[in-house]
Amino acid sequence: MLITRIRTTLKFFIIWRIISIFVVQTYYVPDEYWQSLEIAHQMVFGYGYKTWEWQLKIRSYVYPFLISITYKLLAILRLDYATLLIYIPRVAQAIVSGYADYKFFTWTKSDSAIILLEFNWFWYYCATRTLTNTLETSLTMIALSIFPWKNSKYRNSSKFLWIVGFMCVIRPTSVIIWIPLCIYHIFQTPKNIYKLFNEYLFLVLCTLVYSISIDSYFYGEFTFTPWEFFKVNVLNDIANHYGTHNYFWYLTSGLPVVIGLPILYFPVAVLHIIKHWQFLSAQIISLVTIIWTLGIYSFLPHKEFRFIMPLLPLFIFITTSVYSRQKFKFSASIKQILLLLFIISNVLIVFYTGMVHQRGRIDAMNMFRKGYVVDNPSEADVLFLMPCHSTPFYSHLHLNISMRFLTCEPNLKNHPNYLDEADYFFNNPTKWLDKNYNNCTLPMILMTYDNIVPLIETFLKNYQPALVLFNTYFPQTNSGENFVIYKRKF
Ligand SMILES: *[C@@H]1O[C@H](CO)[C@@H](O)[C@H](O)[C@H]1NC(C)=O
């Protein structure tokens with residue numbers, strides 16, 4: 001097979017991911033821009049929007065700080081073109097993801113595992129995005145590849161802990177996955193327990209020092225973001241503002257979507273592991289990690305597909321390593337058909353999600369920046385009449401212009417019957433517009449969705465359509481199939 005010949009080269013994995021940057025051209029979630037590029041842009045160029053998370057200090061600056069290093073270099077070289085600001089961080093993530101895929105291969109040493117990983121649509125869709133979940137997933141793969149599994153050459157090594165520490169800085173919830181794995185490490189290690197304790201202590205101290213230093217520096221006062229994060233999200237239930245799902249959502253929707261067809265084989269693998277547990281310590285601990293993590297995540301009301309992405313490598317490891325031990329085997333041709341089915345279904349999903357679904361949200365910003373709407377975008381001002389964070393923001397324009405969108409801050413001050421600005425607008429668009437744009441200069445550019453147009457017809461009398469961009473066949477609430485850009489009549 002082709003894979004067998006090219007598999008061992010790191011170059012192959014990196015090129016595979018870099019190509020995927022150009023396949024995946026769509027918008028997934030706001031955090032990809034608003035919690036990363038936007039903040040880095042603000043750090044280096046002095047303008048950029050900071051969402052409420054940054055006012056409450058619940059996000060760590062460590063991740064945007066890494067991106068800001070590339071921005072700073074581009075600024076010094078006077079190469080700070082918007083296109084480079086958009087793509088360089090993605091290329092950097094693609095290289096990390098490619099390296100992670102390669103390390104995953106050196107760990108599993110399995111062709112099937114690498115096919116399930118490289119063609120998993122969800123990983124393909126996310127692997128080059130500037131999401132902390134993406135970096136977390138790559139780092140998980142790297143850490144697993146040097147984890148002190150029984151009989152592995154890393155049996156005596158605790159190096160993986162440095163990666164885990166860093167991961168927990170950029171995403172505090174990573175702690176959850178690593179609790180069972182670290183317990184396993186502590187009980188299985190041939191090392192002296194005092195020596196191990198010292199290693200953990202040293203690691204925790206170093207991690208705290210660099211994360212607190214970076215955050216305190218950029219927030220301008222002493223800040224320990226994981227604690228603030230915990231207070232806001234867990235004690236005050238703020239995350240529920242962004243939607244809740246029932247307890248079984250990860251089982252019924254999350255896993256099937258993220259893992260895809262191989263999930264059907266998973267119960268067989270679990271039975272096998274339970275039967276032969278004495279010989280399968282790595283599989284047992286992976287399974288415990290998965291069950292424990294899903295159990296905890298299921299208690300948190302706000303659930304998203306991307307949150308369980310770091311479990312993907314463990315799933316693939318379990319499925320493929322158990323299959324190769326089974327007495328029962330699919331015949332060679334059945335196995336090929338199954339793999340082919342898996343690949344084809346995933347490629348189709350990638351084409352839709354990566355090239356079609358929600359592309360208008362990004363195209364709009366690019367077309368506007370490139371002058372397809374007004375000749376001189378740096379002199380325009382923009383109003384977004386659509387759900388909050390529907391598009392990337394300053395990071396995709398690199399123009400210091402005035403822009404306003406409908407905010408969606410959670411109920412931070414505990415007002416009874418709280419409505420955020422976007423809710424307020426969608427309840428009664430005319431009322432909101434009258435209140436905010438009465439007797440004042442109207443914004444030069446208006447961006448909205450086609451399904452919102454009939455709601456704001458009176459207001460639109462002042463505007464003429466400038467550009468209509470396809471967005472999606474399956475719009476979410478309050479967003480439409482097409483993205484529409486209007487220009488003020490003079
Ligand atoms: C960006 O524009 C605002 C408003 O005009 C101005 O106050 C601010 O100083 C500008 N920032 C930079 C870095 O140019």
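Brief remarks follow.
- Residues of segment 331-346 classified as hydrophobic (A, V, I, L, M, F, W, C) and surrounded by 13 or more Cβ atoms within 10 Å (Cβ to Cβ), total: 4
- In the set (1) in contact (Cβ under 8 Å) with a residue 40 or more places away in the chain; (2) of a type outside the set (Ser, Thr, Tyr); (3) within 16 Å of the ligand (Cβ to nearest atom); (4) touching a strand residue (DSSP E or B) at 6+ places or on another chain (Cβ under 8 Å), Ile401 fails one condition alone, (1).
- The set of residues from segment 206-247 being over 15 Å from Pro172 (Cα atoms), modelled with pLDDT of 95 or more, not acidic (Asp, Glu) and not in a helix (DSSP H, G or I) comprises Gly220, Phe222.
- The residue list Asp80, Asp111 contains one member that is assigned by TED's automatic domain parsing to the domain that holds Ile343, more than 16 Å from the ligand (Cβ to nearest atom) and more than 19 Å from the chain's Cα centre (by Cα), which is Asp111.
- Residue within segment 462-481 that is surrounded by 20 or more Cβ atoms within 10 Å (Cβ to Cβ), modelled with pLDDT of 95 or more and farther than 20 Å from Phe425 by Cα present: yes
- Exactly one residue out of Leu280, Leu300, Leu311 is modelled with pLDDT of 95 or more, in the same structural domain as Val232 (by TED's automatic domain parsing), in contact with a helix residue (DSSP H, G or I) (Cβ under 8 Å, 6 or more places away or on another chain) and crowded, with 17+ Cβ neighbours inside 10 Å, and it is Leu311.
- Residue in segment 49-71 that is within 16 Å of the ligand (Cβ to nearest atom), closer than 29 Å to Gln476 by Cβ and in a loop (DSSP other than H, G, I, E, B) present: yes
- Test: residue in segment 371-380 that is in contact with a strand residue (DSSP E or B) (Cβ under 7 Å, 6 or more places away or on another chain) and within 16 Å of the ligand (Cβ to nearest atom): yes
The values are calculated or read from the model by the stated rules, or taken from the named source; none is laboratory data. Owing to the predicted nature of the structure, the values given are computational and were not obtained by experimental measurement. Positions of Cβ are generated from backbone atoms using ideal geometry, with glycine treated the same way; all protein chains shown enter the neighbour counts.
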